[in-house]
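I have a structure here, written as structure tokens, and I will follow up with some questions on it.
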Amino acid sequence: MNMAIPPEGAVRNLARRDARDKLSGRTRYTIDQAGPGTLQAAILRSQVASARILGIDTSMAKAMPGVRAVITAADAPGRHGIGVIDHPLFACDVIRYYGEPIAAVAADTIEQAQAAAAAIRLETESLTPVLSMAEALVSGAPLVHPDWKSYVVQLDGVAREGNVAWEAKVIRGDTDAAFARPDVAIVDSCFTVGRQSHVPFEPRAAVATFEDGRFHIICSTQVPWTVRKVTAEVLGVSSSQVRVTVPPVGGGFGLKFDCTIEPIAALLAKRTGRRVAMINSRYEETITCLCRENAEIRIRSAVTGEGEIVGREATVLMDCGAYGGEQIFLTTMTAHTLGGNYKLGSVRLNSRAVYTNTTPNGAFRACNGVYNTFALERHTDEICTAIGMDPLEFRRRNVLGDGDIGATGQVFEGEVLRPMLERMEALKASLPSKAPLADGRLYGRATTVGTWFIFVGPSAATVNLNADGSATLVTSGVEIGSGSMVQSLPQIVAAELGIRPEDVVVKAADTDAAGLDLGVGGGRTTVSIGAASLKACEEVRNRILPVASEILQTPRDQLVLADGRVEIAGRKGAGTTIAKVVERVQQLSGPVMGSGAFTKPGVQAMAGCAMAHFIDAIDIPVFAVHDCEVAVDPETGHVEVLSYSVVQDVGRALNPRAIHGQIQGGVVQGLGYALHEEVTIDAGGRIAQSGFETYRLPLAQDVVPVVVDLYEGAPSIGPLGTKGAGEVPILNVGASVACAVANATGKKVESLPLTPPRVLALLSGTNAPLNPGHIDVVWRKNIIP
């Protein structure tokens, strides 16, 4: 054994190596990869939300100048999906949403491609669209997928019917008995939230070729292996015939956690024998964005006068749009988000993904958790009002701690949330209140808690130790702007091999060169790829240290890797350079490399608790405590955030500066969700906000400096004790703002975003109390028998 590298060796405030190129415009994204001679592609998209296709005539388009190929559903009959295989590449017999691809054209110029797409003749018969979940769940409602029973389902025993694409349930304990107790107060709350658009700098883009019998797709994606798999499925080829490479990605936030236009580019490349670029316009990107889904929630709790939650039940409706997509998977997460934070005597939850004739939704930073945390924390404050208990005291008594049981029966390890609440109290006490800044406006403050988790799963890494003592890290990780690929991973490898982080070269994702990976998302890059990288480094150390031991005539357990050298412990300068050891190893046994793999270890839930779940229990829980102060203008309804503070569970902070940046950015993105950003569907089924003129992103004057306290030391299976830090900062923002506004106004806040008109309606009492008739107060009436 060699001497272990202390984890602290990986902790550094390393600057981003890609910052200068990105700031100066030298970074080459996918949209910069087309080059001269590349054909341009355009998509004919549906202009209605629901129709039957009676005929399609592409003859005129094919004859137009510059056109090289036109493809339709007949050219790609396969389907794909998560959990339910329901999604075709092009609309075939039926159109299910406004903007759905009908056909695609490759031409010499984008203008020629667009003109040809517009010349395709489409004959349709109108169908009545289902544009809301309320409409979709009415008895006898038109079915978005009349043939839903014929679809392949990837889990056994899943409850589905009509427009309910998927239903996941949790049942633990005797909730009926809890609600029947004479000593409890019953608190019933309803909430609704809208969609949120990701708005990445770089739209979805793909550049494809077909050479030597294989597809090569360069694309802006978070999931190269998913693009590889889905492309193969819909084109009916083997996965090995598809290679995916990914240059730097200009933002994703979950939008690029699915495969969309990449197979279209690939198919056009094969048809034309040419390089084809398919790049969404900003308009296309906006109207077909895989938004954070709109959701409706009913949550009821039975609580004693002492604040014990003896029973809880809830129904969550998630609008998946026209196809199941990520929302099928995300039904799982309600158990760990809405069912998180607090000890529950008994619980029953169901989460339904509902088909509508609207643009499909998808993953978004802390997906499912942001609105469920809003609902849970607002409900918690309503409980406190009902039983007359201070909200902070209620949270101190009830947050999950060491040995407590979660919604699915998982036993939590470590006392984390309670001390984090204490840290927040200390942080608040150390800072002056911003109440004077309200200056006559309504002032409110709230502290909320949140539970999230790291989405672990398979990752692979290879480390090549080069002749000059540098290392090359080969993974399928993608740099999407979070910095993990250029900061935390090089720091881990450098610490393990005793070299500088800047001497670790990180290869861009290439499915031909690196092993399987679930993709970048869910806060998993540092954890999953980092763990695989650690194992790869261990193999490298096992190659070089025996040889170094012979060179230095020193037992291996007395050797230390540091500063690019193999040193004898306690005798700095007595060793030799890593480069010289590598040279010797190459002479003896060839190049020095190591490979590592990681997957989720698996945490047990209580048997029988979780049904139709992809994740029964969470391997790495992550917690957050947020506090904010607001001022509400009673004349305009404008909400100003006066202060914002975050205590975030990070395990071990490998790069505190980078984490601070993630938290600042995540909070601002959350403020957009809480106060500004609104996506609505018009009567024709089209997303009404089709550009920056109508979609209100937070601007510079909306940014609030966030006070950050990183909480380290909570249990984690992550490498060196790490947890992912990029997803969770947005988790509590909607909840904190809503609770603060409720405290400021004395009104029940039941929906987001809190735009000025919505706040004015709240203040004037003209907003109708939320009581969705399609979510029954009797929980059993909301589930599929």
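Assigned to a loop (DSSP other than H, G, I, E, B), open to solvent by less than 40 Å² (accessible area, probe 1.4 Å) and out of contact with any His (no Cβ under 7 Å at 6 or more places or on another chain), is that true of G726? Explain how you work it out, then say what you get.
Numbers: assigned to a loop (DSSP other than H, G, I, E, B): yes; open to solvent by less than 40 Å² (accessible area, probe 1.4 Å): yes; out of contact with any His (no Cβ under 7 Å at 6 or more places or on another chain): yes.
Yes: the conditions hold for G726.
Pairs please, first residue from the range 84-98 and touching a residue at least 40 places away in the same chain (Cβ under 8 Å), second anywhere and open to solvent by 10 Å² or more (accessible area, probe 1.4 Å) and of a type in the set (F, W, Y), Cβ atoms under 6 Å, 6+ apart in sequence or on different chains.
From residues that are touching a residue at least 40 places away in the same chain (Cβ under 8 Å), the pairs are V84/Y151; I85/Y151; D86/Y151.
Identify all residues within the range 655-671 that are open to solvent by less than 30 Å² (accessible area, probe 1.4 Å) and under 17 Å from A15 (Cα atoms); write none if there are none.
Answer for the range 655-671, where residues must be open to solvent by less than 30 Å² (accessible area, probe 1.4 Å) and under 17 Å from A15 (Cα atoms): N655, A658, I659, I663.
Please enumerate the residues belonging to the range 236-256 that are open to solvent by 30 Å² or more (accessible area, probe 1.4 Å) and on the phi < 0 side of the Ramachandran plot.
Residues of the range 236-256 open to solvent by 30 Å² or more (accessible area, probe 1.4 Å): 236-241, 243, 248, 253.
Within the range 236-256, V237, S238, S239, S240, Q241, R243, P248 meet the criteria.
Looking at A548, A513 in this structure, which one is more than 24 Å from I454 (Cα to Cα), in a loop (DSSP other than H, G, I, E, B) and out of contact with any Lys or Arg (no Cβ under 6 Å at 6 or more places or on another chain)?
Details: A548 fails: in a loop (DSSP other than H, G, I, E, B).
Of the residues listed, the single one that is more than 24 Å from I454 (Cα to Cα), in a loop (DSSP other than H, G, I, E, B) and out of contact with any Lys or Arg (no Cβ under 6 Å at 6 or more places or on another chain) is A513.
For the range 336-373, give me each residue that is within 13 Å of T451 (Cβ to Cβ) and hydrophobic (A, V, I, L, M, F, W, C). Give the steps one after another, and end with the answer.
Taking the range 336-373 and keeping what is within 13 Å of T451 (Cβ to Cβ), we get 336-344, 366, 368-370, 372-373.
Correct list: L338, L344, A366, V370.
Continuing with this model, one more query. Please work out which one of (1) among the aliphatic types (A, V, I, L, M); (2) farther than 30 Å from D21 by Cβ; (3) surrounded by fewer than 24 Cβ atoms within 10 Å (Cβ to Cβ) is the condition L268 fails and give its number.
Among (1) among the aliphatic types (A, V, I, L, M); (2) farther than 30 Å from D21 by Cβ; (3) surrounded by fewer than 24 Cβ atoms within 10 Å (Cβ to Cβ), the lone unmet condition for L268 is (3).
If you don't mind, there's one more thing I want to ask. Among the residues of the range 744-769, which ones are assigned to a loop (DSSP other than H, G, I, E, B) and surrounded by fewer than 16 Cβ atoms within 10 Å (Cβ to Cβ)?
Step one: of the range 744-769, the residues assigned to a loop (DSSP other than H, G, I, E, B) are 746-750, 753-755, 765-769.
Matches in the range 744-769: G746, G765, T766, A768, P769.
Let me ask something else. Kindly provide the set of residues from the range 113-138 that are farther than 27 Å from A42 by Cα and of a type in the set (D, E, K, R), ordered by number.
E135
Which of (1) closer than 18 Å to L317 by Cβ; (2) surrounded by 12 or more Cβ atoms within 10 Å (Cβ to Cβ); (3) of a type outside the set (F, W, Y) does V153 not meet, given it meets every other one?
If we test V153 against (1) closer than 18 Å to L317 by Cβ; (2) surrounded by 12 or more Cβ atoms within 10 Å (Cβ to Cβ); (3) of a type outside the set (F, W, Y), just (1) comes out false.
Something else: Please determine whether any residue of the range 403-416 is part of a helix (DSSP H, G or I), of a type outside the set (S, T, Y), open to solvent by 10 Å² or more (accessible area, probe 1.4 Å) and farther than 21 Å from V347 by Cβ.
Checked against the condition, which is being part of a helix (DSSP H, G or I), of a type outside the set (S, T, Y), open to solvent by 10 Å² or more (accessible area, probe 1.4 Å) and farther than 21 Å from V347 by Cβ, the range 403-416 yields no hits at all.
Also, I was wondering about something else. Take the range 621-680 and flag every residue that is out of contact with any Pro (no Cβ under 7 Å at 6 or more places or on another chain) and of a type in the set (F, W, Y).
F623, Y644
Also, I was wondering about something else. Check the range 163-176 and report whether any residue there is over 19 Å from I783 (Cβ atoms), of a type outside the set (S, T, Y) and in contact (Cβ under 8 Å) with a residue 40 or more places away in the chain.
Here is the first cut: in the range 163-176, the residues over 19 Å from I783 (Cβ atoms) are none.
Checked the range 163-176: no residue is over 19 Å from I783 (Cβ atoms), of a type outside the set (S, T, Y) and in contact (Cβ under 8 Å) with a residue 40 or more places away in the chain.
Sticking with this structure for a sec: So which residues in the range 303-340 are buried (at least 24 other Cβ atoms within 10 Å of the Cβ) and in a loop (DSSP other than H, G, I, E, B)?
Within the range 303-340, A322, Y323, G324, L338, G339, G340 qualify.
All but one of (1) open to solvent by 60 Å² or more (accessible area, probe 1.4 Å); (2) free of Cβ contacts under 8 Å to residues at least 24 places away in the same chain hold for A141, so report the exception by its number.
Single failed check for A141: (1).
Test K600 against the criterion of being more than 20 Å from K535 (Cβ to Cβ) and not β-branched (V, I, T), and give yes or no. I'd like the intermediate steps shown before the answer.
Working: more than 20 Å from K535 (Cβ to Cβ): no; not β-branched (V, I, T): yes.
Criteria not met by K600.
I need the full set of residues from the range 689-720 which are open to solvent by less than 40 Å² (accessible area, probe 1.4 Å) and among the hydrophobic types (A, V, I, L, M, F, W, C), in order please.
V704, V706, V708, L710, A714, L720 - these are the residues of the range 689-720 that are open to solvent by less than 40 Å² (accessible area, probe 1.4 Å) and among the hydrophobic types (A, V, I, L, M, F, W, C).
Tell me the strands (runs of 3 or more DSSP E) entirely within the range 36-119 that contain at least 3 residues that are open to solvent by 50 Å² or more (accessible area, probe 1.4 Å). Steps first, answer last, please.
Working: elements: 39-45, 51-57, 67-72, 101-107.
Passing ranges, in order: 51-57.
Identify all residues within the range 586-604 that are among the hydrophobic types (A, V, I, L, M, F, W, C) and either part of a strand (DSSP E or B) or open to solvent by less than 30 Å² (accessible area, probe 1.4 Å) (or both); write none if there are none.
Within the range 586-604, the subset among the hydrophobic types (A, V, I, L, M, F, W, C) is 588, 592-593, 597-598, 603.
Within the range 586-604, V592, M593, A597, F598 qualify.
Here's another thing I want to ask about it. Residue check, E539 against (1) charged (D, E, K, R); (2) in contact (Cβ under 8 Å) with a residue 12 or more places away in the chain; (3) over 19 Å from A10 (Cα atoms), all met but one. Which one?
For E539, the exception is condition (3).
Something else now. With of a type in the set (V, I, T), over 25 Å from the mean Cα position of the chain (by Cα) and farther than 22 Å from A714 by Cα as the only criterion, which of V463, V474 stands out?
Residue meeting the stated conditions: V463.
Going by the structure shown, is W148 of a type in the set (F, W, Y) and open to solvent by less than 10 Å² (accessible area, probe 1.4 Å)?
Numbers: of a type in the set (F, W, Y): yes; open to solvent by less than 10 Å² (accessible area, probe 1.4 Å): no.
So W148 fails the test.
Looking only at residues in the range 372-388 that are among the aliphatic types (A, V, I, L, M) and open to solvent by 30 Å² or more (accessible area, probe 1.4 Å), which one is nearest to T304 (Cα to Cα)? Give the steps one after another, and end with the answer.
Just the residues of the range 372-388 that are among the aliphatic types (A, V, I, L, M), to begin with: 375-376, 383, 386-387.
Narrowing the set further to residues that are open to solvent by 30 Å² or more (accessible area, probe 1.4 Å) leaves 386-387.
Working: A386: 10, I387: 8 Å.
Ranking the candidates gives I387 first.
From the list F215, F191, exactly one residue is farther than 25 Å from G406 by Cα, under 31 Å from the mean Cα position of the chain (by Cα) and open to solvent by less than 20 Å² (accessible area, probe 1.4 Å). Which is it?
F215
If you don't mind, another one. Filter the range 743-785 down to the residues that are of a type in the set (V, I, T) and touching an Asp or Glu at 6+ places or on another chain (Cβ under 7 Å) and list them by number. Quick ask: steps written out before the conclusion?
Keep residues of the range 743-785 that are of a type in the set (V, I, T), which gives 745, 749, 755, 759, 766, 775, 777-778, 783-784.
Matches in the range 743-785: T755, I775, V777, I783, I784.
The values are calculated or read from the model by the stated rules, or taken from the named source; none is laboratory data. These numbers come from a predicted model, not from an experiment. Neighbour counts run over all protein chains shown; Cβ positions are idealised from the backbone, glycine included. Quick note on the areas: whole protein, heavy atoms, side chains included, nothing else; ligands and nucleic acids left out. Shrake-Rupley method; radii C 1.70, N 1.55, O 1.52, S 1.80 Å.
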